[in-house]
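Engineer: Before I ask anything, let me first share the structure, which is written out below as structure tokens.
Taken together, the values in this text are just the output of simple stated rules run on the coordinates, not laboratory data. All values derive from a computational prediction rather than experimental measurement. Heads up, the Cβs are rebuilt from the backbone with ideal geometry, glycines too, and the neighbour counts pull from every protein chain shown.
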Amino acid sequence: MSFCARLLLSALVFAGIAPVLFAAEASGRDRPNIVMIMADDLGWMDLGIQGNPLLDTPNLDGLAKQGMRFTDAYAAAPVCTPTRAAMMTGKSPARLTITNHAPGNGPGFAAEGRNIAEAKNLTYLPLSEITVAERLKDAGYATGFIGKWHLSDRKGAGDKGPLEPQLRPEHQGFDLNVGGCNMGGPPGFFDPYKIPGIPPRRIGEYLPERLADECISFVRTNRKRPFFLCWWDYSVHYPIQAPEALIEKYRKRPGVKDPAYAAMIEGMDSAIGRLLTELDTLGLSGNTVVLFTSDNGSLFDNKPLRANKGFLYEGGIRIPWIVRWPGVVSPASTCPVPVITTDTCPTLLEIAGLNPGAAQPSDGESIVPLLKQSGALARNELYFHYPNYAFHKRNRLGGAVREGRFKLIRHYDDDSLELYDLTEDIGEARNLAQKESFTAAALNAKLNAWLKASGAEMPVRQPVER
Ligand SMILES: [Ca+2]
């Protein structure tokens, strides 16, 4: 679109008569490409730009310097599968009843001494759900999925319905699927070839690099039409593996406690950098929205945040979130408004010129007004529901709500409350539930209303066997 046309469009937007024009524009050639990259288990402090001085992540730091970084971004859940389902659909894990990593521990599971059995949950995304990929594909986008899917595990789901391969990305709106299956953890970074769609190429190939190659191939093939590339990386999920030379570099760096983990983060960053460079080379960066985030907190140390993956404390759910959208998003900007994975689906639909709410109810909200710095969001609260036991964790089942500076956590085993003022206490060390009992009660009432409206499956209390 020419400068004059943009000027005219701006005037029309101001006059309130632009939606028809936007629809016309959306069908034209200049609809932006969309690249959505999600890391696995990458914590809030796991990038240089997030304030970690021990890590070299120049590519993602650079992406943030060219775009907007959300300081208070949240995963929809403290574990993989529900966050992924929320990203695909714009629905909350509570509404989807997809609340735990697949296959999970099973509905009857109660850890020793616990008085509460976890809630029933679905371990796969049903085909009846309308995904962001299906919407974009219908609108003419080429759609590619590369990496970890983890939305097709049918263990314990009985004999009825589609089988696991029929729940993979190619049946949820993606033209291309490289690797997407039920697998949660990768089978080994240097021997990744048990993943469907990634046949052996050479011994010693590093999986993040291979996935970058697949992404590059997809954008080359589709450079002449709008494309939606969804790269859900296996990094930096356990097992922690990285090229030896990179590990050695971090062994020599004072202050680094886990050289392999640091090296794995840089390995991920380098691979992503190759895709970003390819977008530059192809002349596509100017018309491509790149969104980078993570699916839950780190398995390891998230300091200054409390706890880690599997917990509703900030360490389990607060994540990096960067959006680059040249010509729209101000470079090197930050946004403190809380956003959540569930927002990505309506956001990407709006970016593509589609009506986010046309197909099914959305729990997320488009963050385009924040990206354009043109307005606020309609909602004031973010909600979380984690009624399940995480693998290898001693988490208590609970729900949470973030509103403004406050965050409330309710434990489902005894209905006790924890209230934190995140502006003064990001480490969630001082429980204000007694001191600020009015605020705690108000947020708890909102959480209850939201759980009810979402049709959330609740865990069941039971006698403790001794
Ligand atoms: Ca994860």
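Engineer: Let me check I have the definition right: for the chain, take the eigenvalues of the Cα gyration tensor, multiply each by 5, take square roots. What are those semi-axes in whole Å, largest first?
Structural biologist: So the equivalent ellipsoid measures 33, 27, 23 Å along its semi-axes.
Engineer: So the label point goes 7 Å from the Cα of ASP280 along Cα→C-beta, right? Which residues of the range 295-332 then have their backbone N under 20 Å from it?
Structural biologist: Those under the cut-off are 322-332.
Engineer: Where a Cα-Cα gap under 18 Å defines reach, which lysines qualify for LYS224, not counting those fewer than 8 residues away within the same chain?
Structural biologist: Within reach: LYS137.
Engineer: Follow-up question, since we're still on this one. Test of understanding: what is the full-extension gain from ALA245 to ASP413, defined as 0.36 nm times their sequence separation minus their Cα-Cα distance?
Structural biologist: Once the chain is fully extended between ALA245 and ASP413, it gains 55.7 nm.
Engineer: Let me ask something else. Run down the lysines and flag those whose C-alpha is under 16 Å from the C-alpha of LYS257, throwing out any fewer than 8 positions away in its chain.
Structural biologist: LYS249, LYS303
Engineer: What is the Cα radius of gyration of the range 233-358 over 2.2 N^0.38 Å, N being its residue count?
Structural biologist: 1.25
Engineer: At what distance in angstrom do the alpha carbon centres of the range 432-466 and the range 43-88 lie from each other?
Structural biologist: About 29 Å separates the Cα centre of the range 432-466 from the one of the range 43-88.
Engineer: Along the principal axes of its C-alpha atoms, what lengths does the range 194-239 span, in descending order and rounded to whole Å?
Structural biologist: 36, 22, 17
Engineer: Consider just the alpha-carbon atoms of the range 315-427 and return their Rg together with their Dmax, both in angstrom.
Structural biologist: 16.5, 51
Engineer: Compute the signed sum of charges (Lys and Arg +1, Asp and Glu -1) over the other residues within less than 10 Å, Cβ to Cβ, of TYR383.
Structural biologist: Result for the local shell: 0.
Engineer: Would you mind checking LYS65/LYS372; LYS148/LYS194; LYS372/LYS452; LYS91/LYS309 for any pair whose Cα atoms are more than 23 angstrom apart?
Structural biologist: Distance filter (> 23 Å) returns LYS372/LYS452.
Engineer: Which of the peptides 242-251, 224-233, 126-135 is most tightly packed, and how do the rest follow, going by the mean number of other Cβ atoms within 10 Å of each residue?
Structural biologist: 224-233, 126-135, 242-251
Engineer: Report the local net charge at TYR420: Lys and Arg +1, Asp and Glu -1, summed over other residues whose C-beta lies under 14 Å from its C-beta.
Structural biologist: Value of the local net charge: -1.
Engineer: Only helical DSSP H runs with n ≥ 4 go in: add -39500 (n - 2.57) per run for the chain, normalise by residue count and round the 222 nm mean residue ellipticity to 500 deg cm²/dmol.
Structural biologist: -8500 deg cm²/dmol
Engineer: Taking 0.36 nm per residue of sequence separation and subtracting the Cα-Cα distance, how much length would be gained by fully extending the chain between LEU54 and ASP301, in nm to one decimal?
Structural biologist: Taking LEU54 through ASP301 to full extension adds about 87.6 nm, to one decimal.
Engineer: Another one. Along the charge dipole of the range 31-379, pointing to its positive end and built from +1/-1 on Cβ of Lys, Arg, Asp and Glu, which listed residue (VAL339, LEU312, ILE351) has its Cα farthest out?
Structural biologist: Result: ILE351, furthest along the dipole toward the positive end.
Engineer: Regarding the range 164-309, what whole-number volume in Å³ per residue does the convex hull of its Cα atoms give?
Structural biologist: Taking the convex hull of the Cα positions in the range 164-309, it is 143 Å³ per residue.
Engineer: Here's something else I'd like to know. Sketch the reach of a paramagnetic label on LEU377 as a point 7 Å from Cα along Cα-to-Cβ, and name the residues of the range 384-415 whose backbone nitrogen lies under 20 Å away.
Structural biologist: 384-386, 399-410
Engineer: Can you pull a Stokes-Einstein diffusion coefficient for the range 385-461 at 10 °C (1.306 mPa s), Rh from Kirkwood over Cα pairs, as a whole number of µm²/s?
Structural biologist: 122 µm²/s
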